[in-house]
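Read the structure below first, then the notes.
The values are calculated or read from the model by the stated rules, or taken from the named source; none is laboratory data. All figures in this text were calculated on a predicted structure; none of them were measured in a lab. Glycine gets a Cβ as well: all are built from the backbone with ideal geometry, and neighbour counts include every protein chain shown. Side chains are part of the model used for accessible areas, which takes the heavy atoms of the whole protein and leaves out ligands, DNA and RNA. Shrake-Rupley method; radii C 1.70, N 1.55, O 1.52, S 1.80 Å.
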Amino acid sequence: GMQVGYSIPSNTTVGDKTVWAENANGSSSTKKFTITRAVQAPQIGGVNFVSPFTGSGGTAGYIEVYGSDLGPNASISVTNNGQPTNDVTAIVSWAGDPSSNPPFNQINIYCTVASGAAAGAYSLVVTNSVGSTSYPIITLQ
């Protein structure tokens, strides 16, 4: 068989594409392939506390996290003033839709704030295979 090399520009639109070869004797049959968007570092644009969760000491509940590239295999953690902590914990309860635009634009997390949690500015950290981002979620006095 014949091998063909080609380059796909970075600004190519995502979706189905068709290729074929032509020579003096005619055209080959077509072959379809799909261009997909490359995974990018996660971005958090905002969060929403799901009532009745308030984020105060001794409480637990859900937080909706909005952004892009937040899944499907992203890991999450919580920091206090930039340092790892176990006073506030978070687990992913739902990882968004891969077909949304941008993909994985929402995750829901279940967050627990220990009753004796130290004072400080707590941030949610989301990490995927490309990078990480943090977003402030709770400030305890």
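Table: residues versus (1) polar (S, T, N, Q); (2) part of a strand (DSSP E or B).
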residue: S93; (1), (2): yes, yes
residue: P98; (1), (2): no, no
residue: P102; (1), (2): no, no
residue: Y110; (1), (2): no, yes
residue: A121; (1), (2): no, yes
residue: V126; (1), (2): no, yes
residue: V130; (1), (2): no, no
residue: S134; (1), (2): yes, yes
residue: I137; (1), (2): no, yes
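Cβ-Cβ contacts under 9 Å between residues 6 or more apart (or on different chains), taken from a first residue in region 40-54 that is of a type in the set (V, I, T) to a second residue that is part of a loop (DSSP other than H, G, I, E, B), are listed as I44/L70. List every residue pair whose Cβ atoms lie under 7 Å apart, where the two residues are 6 or more positions apart in sequence or sit on different chains, the first residue falls within region 86-104 and is more than 22 Å from G61 (Cα to Cα), and the second residue, located anywhere, is open to solvent by less than 50 Å² (accessible area, probe 1.4 Å) and of a type in the set (F, W, Y). So the pair list comes out as P98/F104. For D97, the conditions (1) of a type outside the set (S, T, Y); (2) over 16 Å from G46 (Cβ atoms); (3) open to solvent by 30 Å² or more (accessible area, probe 1.4 Å); (4) touching a strand residue (DSSP E or B) at 6+ places or on another chain (Cβ under 7 Å) are fulfilled apart from (4). The set of residues in region 52-63 that are out of contact with any Pro (no Cβ under 9 Å at 6 or more places or on another chain), over 16 Å from S123 (Cβ atoms) and either charged (D, E, K, R) or assigned to a loop (DSSP other than H, G, I, E, B) (or both) comprises P52, F53, T54, S56, G57, G58. Screening region 67-94 for residues that are surrounded by 12 or more Cβ atoms within 10 Å (Cβ to Cβ) and among the aliphatic types (A, V, I, L, M) and picking the one that is farthest from V39 (Cα to Cα) gives V88. Is it true that N128 is out of contact with any helix residue (DSSP H, G or I) (no Cβ under 8 Å at 6 or more places or on another chain), open to solvent by less than 30 Å² (accessible area, probe 1.4 Å) and under 21 Å from V39 (Cα atoms)? Spelling it out, N128 is indeed out of contact with any helix residue (DSSP H, G or I) (no Cβ under 8 Å at 6 or more places or on another chain), open to solvent by less than 30 Å² (accessible area, probe 1.4 Å) and under 21 Å from V39 (Cα atoms). Among all residues of region 100-118, there is none that is under 18 Å from R37 (Cα atoms), touching a Pro at 6+ places or on another chain (Cβ under 9 Å) and open to solvent by 50 Å² or more (accessible area, probe 1.4 Å).
For Y66, the criteria (1) hydroxyl-bearing (S, T, Y); (2) more than 30 Å from G15 (Cα to Cα); (3) part of a strand (DSSP E or B) hold in every case but one, which is (2).
Of all residues in region 25-51, those satisfying the criterion of being open to solvent by 80 Å² or more (accessible area, probe 1.4 Å), part of a loop (DSSP other than H, G, I, E, B) and more than 26 Å from T127 (Cβ to Cβ) are N25, S29, T30, S51. Looking at T79, is it at negative phi, part of a strand (DSSP E or B) and free of Cβ contacts under 8 Å to residues at least 40 places away in the same chain? No.
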